[in-house]
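Notes to accompany the following structure.
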Amino acid sequence: MTRTPPNAHSSEKQRAASHQPPGGRCLASRATGEKRGACAHHPLSANRQRQLRPVPFAMLMLGRGLDARDNQTKQIREAVSNVEKHFGELCQIFAAYVRKTARLRDKADLLVNEIHAYAATETPNLKFGLKNFADEFSKLQDYRQAEVERLEAKVVEPLKCYGTIIKLKREDLKATLTAKNREAKQLSQLERTRQRNPSDRHIISQAESELQRASLDATRTSRQLEETIDNFEKQKIKDIKNILSEFITIEMLFHGKALEIYTAAFQNIQNIDENEDLEVFRSSLYPPEHQTRLDIVRANSKSPLQRTGSSRTCTGIVQIARNRLKEEEADEEEEEEDEESETTKEER
């Protein structure tokens, strides 16, 4: 029977007690390549302890608050950018609309001048109608000028003001972002301090105080930004309603006056008497002396048949006149004879 050395029994017992294989290292150490001091059954290193230390509840809540403020700031930035984009486009389009209206007014003034110049060369009736038409059209351009000035003051200028308003809101947003970034930086610094110096309460307390001040500042600026953006949103809705209402009101006033003026101008044109102006034109073409000569030419240009008929008519008229003279002479002779006979009787 083979006997086992005493040292072998003792080494086996030690290996069984420590659950180690014959190589003298635990299975975990063999798998990871760590030394015996780093085994799971041995005390943890300082870095390992810091990694496994539980995060305080206040830190978790602070991180959630930072995420909520990030989402809120993102929405506010998008709202401000949206207003900046679309209000800028509206301002440019309305400004172009006003410029086009002013150009239309200038072209209408040229049209009025040309109508006046043309009316001065025409016949009296047409001249009077064209002059009245041009006066009415010129009156319309006065209302168009008022339209341009009102659109500039009531529509374009309020939209221009939003450039300055947007700039101020972006500055408020920038201040809030700065405070929020400072808070996040202090939070990261506190975590690093706790990892590097877990036993130094003085440094940790100082970092916590800095974080608390940064958090209060970020909270204050966030509340101010919320109030500012709330007022901004309210004012934006009110302003866009007022701007569009003013635009419609100005256009309605102008077009109402334009309808009245166009009606009067139409009546002035319709009241022009074409026949009267045509007679005036004809009389200007044929003066009185020319008209007499024309009648002579017409009389001389009659055909032989017309001349024969006219001579026969004249002969008949002369014959009738002679017969009437003879009858009148005979009647006068008879009356004289009667008078003589009566006188002779009286003498007797």
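The values are calculated or read from the model by the stated rules, or taken from the named source; none is laboratory data. All figures in this text were calculated on a predicted structure; none of them were measured in a lab. Here Cβ is always computed from backbone atoms with ideal geometry, including for glycine, and neighbour counts include all displayed protein chains. Only protein heavy atoms, including side chains, enter the accessible area calculation; ligands, DNA and RNA are left aside. Shrake-Rupley method; radii C 1.70, N 1.55, O 1.52, S 1.80 Å.
Per-residue answers, yes or no, for (1) closer than 24 Å to SER81 by Cβ; (2) within 28 Å of the chain's Cα centre (by Cα):
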| residue | (1), (2) |
| --- | --- |
| ASN132 | no, no |
| LYS160 | yes, yes |
| ARG170 | yes, yes |
| LEU177 | yes, no |
| LEU187 | no, no |
For this session: Looking only at the range 53-87, count how many residues are open to solvent by less than 30 Å² (accessible area, probe 1.4 Å) and modelled with pLDDT of 85 or more.
Result: 3
For this session: Keeping to the range 239-277, report how many residues are over 30 Å from ALA153 (Cβ atoms) and open to solvent by 70 Å² or more (accessible area, probe 1.4 Å).
Result: 7
Exercise. Could you give every pair whose Cβ atoms fall below 7 Å, whose first residue belongs to the range 95-118 and is within 21 Å of ALA134 (Cβ to Cβ), and whose second residue is basic (Lys, Arg) and open to solvent by 70 Å² or more (accessible area, probe 1.4 Å), counting only separations of at least 6 or pairs across chains?
Worked result: HIS116/LYS131
Problem set entry | Test result for LYS169, modelled with pLDDT of 75 or more and either in contact with a His (Cβ under 7 Å, 6 or more places away or on another chain) or of a type in the set (D, E, K, R) (or both) | yes
Exercise. Open to solvent by less than 90 Å² (accessible area, probe 1.4 Å), out of contact with any Gly (no Cβ under 8 Å at 6 or more places or on another chain), among the aromatic types (Phe, Trp, Tyr) and part of a helix (DSSP H, G or I), is that true of PHE128?
Worked result: no
Exercise. Has the range 283-294 got at least one residue that is surrounded by 10 or more Cβ atoms within 10 Å (Cβ to Cβ), aliphatic (A, V, I, L, M) and at pLDDT below 60?
Worked result: yes
For this session: Among the residues of the range 131-160, count how many are over 21 Å from GLU276 (Cβ atoms), among the basic types (Lys, Arg) and open to solvent by 40 Å² or more (accessible area, probe 1.4 Å).
Result: 4
Problem set entry | Selection count where residues are part of a helix (DSSP H, G or I) and either at pLDDT 75 or above or open to solvent by 50 Å² or more (accessible area, probe 1.4 Å) (or both), scope the range 189-204 | 9
